[in-house]
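Here the structure comes first, spelled out in structure tokens, and everything after it is commentary.
The values are calculated or read from the model by the stated rules, or taken from the named source; none is laboratory data. From a predicted model like this one, the values you see are computed outputs, not experimental measurements. As a convention, Cβ positions derive from the backbone with ideal geometry for all residues, glycine included, and neighbour counts pool all protein chains shown.
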Amino acid sequence: MKASQFFISTLKEAPADAEVASHQLMTRAGLIKKLGAGIYTYMPMGLRVIRKVEAIVREEMNRAGAVELSMPVVQPAELWQESGRFQTMGPELLRIKDRHERDYIVQPTSEEVVTDIARQELRSYKQLPKNFYQIQTKFRDERRPRFGLMRGREFTMKDAYSFDRDLEAAKKSYDAMAAAYRKIFDRFGLRYRAVAADSGAIGGDLSEEFQVIAATGEDAIVYCPASDYAANMEKASALAPQGPCPAATQALAKTPTPGKSTCADVAQLLGLPLQNTVKSLVLATDQANDKGEIVKTQVWLLLLRGDHDMNEIKVSKVPGLDAGFRFATVPEIIEHFGCKPGYLGPLNMKKPVQLVVDRDVAVMADWVCGANEEDFHMTGVNWGRDLPEPDLVVDIRNVVEGDLSPDGKGVLAIERGIEVGHIFVLGTKYSAAMNATFLADDGKPKHFEMGCYGIGITRLPAAAIEQNHDARGIIWPDAIAPFTVVVCPINPDRSPEVKAAAFQLYEQLLAAGVDALIDDRGERPGAMFADWELIGVPHRIAVGDKGLKDGVLEYQHRRDTEATRVPVGEALAFVQQRLST
């Protein structure tokens, strides 16, 4: 490709609303152009990157036995009503009506449509297993779209769906996809981790996220450097604390703590480690009648160590809280504890509550909590003596760096990541809701066991940039760079020899199957080099009159600080060797 025939549009400054490096650089490098909030045009340079991502994904999905199709972006609401997600998914689901006032949605994902296909087309166990995938436009009406393609509203995703006869077979399909995903992300040339994850709103049990490591990532990734353990923060657990609870050494006392309403302030006032304090979090669950009227409210008290934070995903799996919960209102708190928040605890309550104790708190002795009286806390609190042994002890906290790994092989570390892929075993969540069955080998109808596998096609380039950039611009891995090599003739209009040598090398690269571009725009060397450093083409070859007189060209990788002089006759072989490493 000649640069003069392509479309190159770089900017010196990023737009004011570009907060992260990928958004700034994709805009400055002319990869994307904003059309509306969270909606972008993929410009020619950016589209080349996306097409390379798609090609790698498509090759590995096909190799793994998945079959490509394409499902509609606009889908009838009836299917989503069958699954229940039309009502439950919330405002992220864009609902629209046609001219006949019929309800439709703009797809954020396609479990319903593919399940409808399966119940019509896959009638016998002999047709299983089957895995359908698509690379298709999606839309999620994000409340606050930001960070460019990292959290846009319209995006492209590869979503795949497997159908199996039983759970054992579904897990085999899952394992095949997990292996394919590792091959895909290995080919992208990015540092990533595959971590155990919660399935979230899509549902299911077995689940894994693929996270590109980046300091600006929104997700916390927990892993053990000494073992294979890895999970996202929602899923991660530490090694369970070992009991029994230590014996009490302090008397129970009501201690003045005027104006100290946080665990940190109380610990500082009393000269105690923060780990000796216990924080109280009050939740509520509502029971409604058929009319949607709340007929009963249950108040829950959660106890966590003062230096720990609640994990809402873990809490949402606690029996009784798994149907949904909210934080209690101040009037509800005062009604049950007789005190405003900041001084709450499990002793001397006005009304009984359901107690949930984090497993670290369950093995504490001589701890500090609120006294349910403003400006007072209880010190020297102990289980068994001052409070009954807790009935409901569960892991409800976020892990922290330095916790023991749950496999017992070391301590946990935490780094930031950007989720670019997610795989699930869905079970019969959708097939049961939509009565999607096949005839099993015993001649009886049976619901499909399903799996779901997604990759954020347009998010991945943004994640790659967050991981690979410097002050000059983007640094693309070879596999997904818009062009792999750029040939830069220096002042070709002044030297026919430079122009001829540059085009000769360019033609040799193309003939060898290298994705090369020649910059024939006639730009000044400084401006030309700045463009390609901003765009991030990984391999650059400069052809200049002075070098040609010495029989050399200048090669420079995007990460190199200096150019390497290469004999003209060896340039092609040199570049091919660099591309293979």
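Odds and ends about this structure:
- Strands (runs of 3 or more DSSP E) enclosed by the range 1-117 - at least 2 residues per element that are at pLDDT 95 or above and among the polar types (S, T, N, Q): none
- Filter result for the condition that a residue is of a type in the set (D, E, K, R), touching a residue at least 24 places away in the same chain (Cβ under 8 Å) and assigned by TED's automatic domain parsing to the domain that holds Ala215, over Asp164, Asp175: Asp164
- Condition met for Ala248 (more than 23 Å from Glu401 (Cα to Cα) and either of a type in the set (S, T, N, Q) or part of a loop (DSSP other than H, G, I, E, B) (or both)): yes
- Output for the range 306-327, where each listed residue is in contact with a helix residue (DSSP H, G or I) (Cβ under 8 Å, 6 or more places away or on another chain) and of a type in the set (Gly, Ala, Ser): Gly306
- Of all the numbered requirements in (1) surrounded by 17 or more Cβ atoms within 10 Å (Cβ to Cβ); (2) in contact with a Ser or Thr (Cβ under 8 Å, 6 or more places away or on another chain); (3) within 25 Å of Lys409 (Cβ to Cβ), Ile213 misses one, and that requirement is (2).
Conditions tested, residue by residue: (1) small (Gly, Ala, Ser); (2) outside the structural domain of Ala169 (by TED's automatic domain parsing); (3) modelled with pLDDT under 95.
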| position | (1), (2), (3) |
| --- | --- |
| Glu401 | no, yes, no |
| Leu404 | no, yes, no |
| Val420 | no, no, no |
| Gly427 | yes, no, yes |
| Asn435 | no, no, no |
| Phe438 | no, no, no |
| Pro445 | no, no, no |
| Glu449 | no, no, no |
| Gly456 | yes, no, no |
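- Tally of residues being of a type outside the set (D, E, K, R), in contact (Cβ under 8 Å) with a residue 40 or more places away in the chain and farther than 29 Å from Lys171 by Cβ across the range 391-403: 2
- Residue among Ala440, Ala462 that is among the small types (Gly, Ala, Ser) and buried (at least 22 other Cβ atoms within 10 Å of the Cβ): Ala462
- Counting only strands (runs of 3 or more DSSP E) that sit completely within the range 125-219, those holding 1 or more residues that are under 22 Å from Ile105 (Cα atoms) correspond to 130-139, 154-164.
- In the range 468-513, residue nearest to Ile32 (Cα to Cα) [restricted to those that are in a helix (DSSP H, G or I), under 39 Å from the mean Cα position of the chain (by Cα) and in contact (Cβ under 8 Å) with a residue 60 or more places away in the chain]: Ile480
- Residue that is farthest from Val74 (Cα to Cα), among those in the range 114-124 that are surrounded by fewer than 19 Cβ atoms within 10 Å (Cβ to Cβ) and in contact with a Leu (Cβ under 9 Å, 6 or more places away or on another chain): Ser124
- Search result, residues across the range 321-340 that are assigned to a loop (DSSP other than H, G, I, E, B), surrounded by fewer than 17 Cβ atoms within 10 Å (Cβ to Cβ) and at pLDDT 95 or above: Thr329, Gly338
- Filtered residue count, the range 424-441, keeping only those that are touching a residue at least 60 places away in the same chain (Cβ under 8 Å) and either part of a helix (DSSP H, G or I) or within 16 Å of Ser173 (Cα to Cα) (or both): 8
- Only a single criterion out of (1) assigned to a helix (DSSP H, G or I); (2) within 17 Å of Ala231 (Cβ to Cβ) is not satisfied by Gly421, namely (1).
- The listed residues are Glu523, Glu497, Glu533, and the only one of them that is within 30 Å of Ala14 (Cβ to Cβ), charged (D, E, K, R) and in contact with an Asp or Glu (Cβ under 8 Å, 6 or more places away or on another chain) turns out to be Glu523.
- The residues of the range 228-254 that are closer than 27 Å to Ala170 by Cα and surrounded by 13 or more Cβ atoms within 10 Å (Cβ to Cβ), listed by number, are Tyr229, Ala230, Ala231, Asn232, Met233, Glu234, Lys235, Ala236, Ser237.
- Pick from the range 276-298, criterion β-branched (Val, Ile, Thr) and surrounded by fewer than 20 Cβ atoms within 10 Å (Cβ to Cβ), ranking: nearest to Cys339 (Cα to Cα): Val282
- Of all the listed residues (Val315, Val330, Val363, Val356), the sole one being out of contact with any strand residue (DSSP E or B) (no Cβ under 8 Å at 6 or more places or on another chain), β-branched (Val, Ile, Thr), under 24 Å from Lys235 (Cα atoms) and not assigned by TED's automatic domain parsing to the domain that holds Asp198 is Val363.
- Top-ranked residue of the range 256-265 - restricted to ones that are of a type in the set (S, T, N, Q) and surrounded by 16 or more Cβ atoms within 10 Å (Cβ to Cβ), ranked as farthest from Ala196 (Cα to Cα): Thr257
- Check on Ser261, part of a strand (DSSP E or B), among the polar types (S, T, N, Q) and within 18 Å of Ala371 (Cα to Cα): no
- Flag for Val295 being of a type in the set (A, V, I, L, M) and farther than 29 Å from Leu270 by Cα: yes
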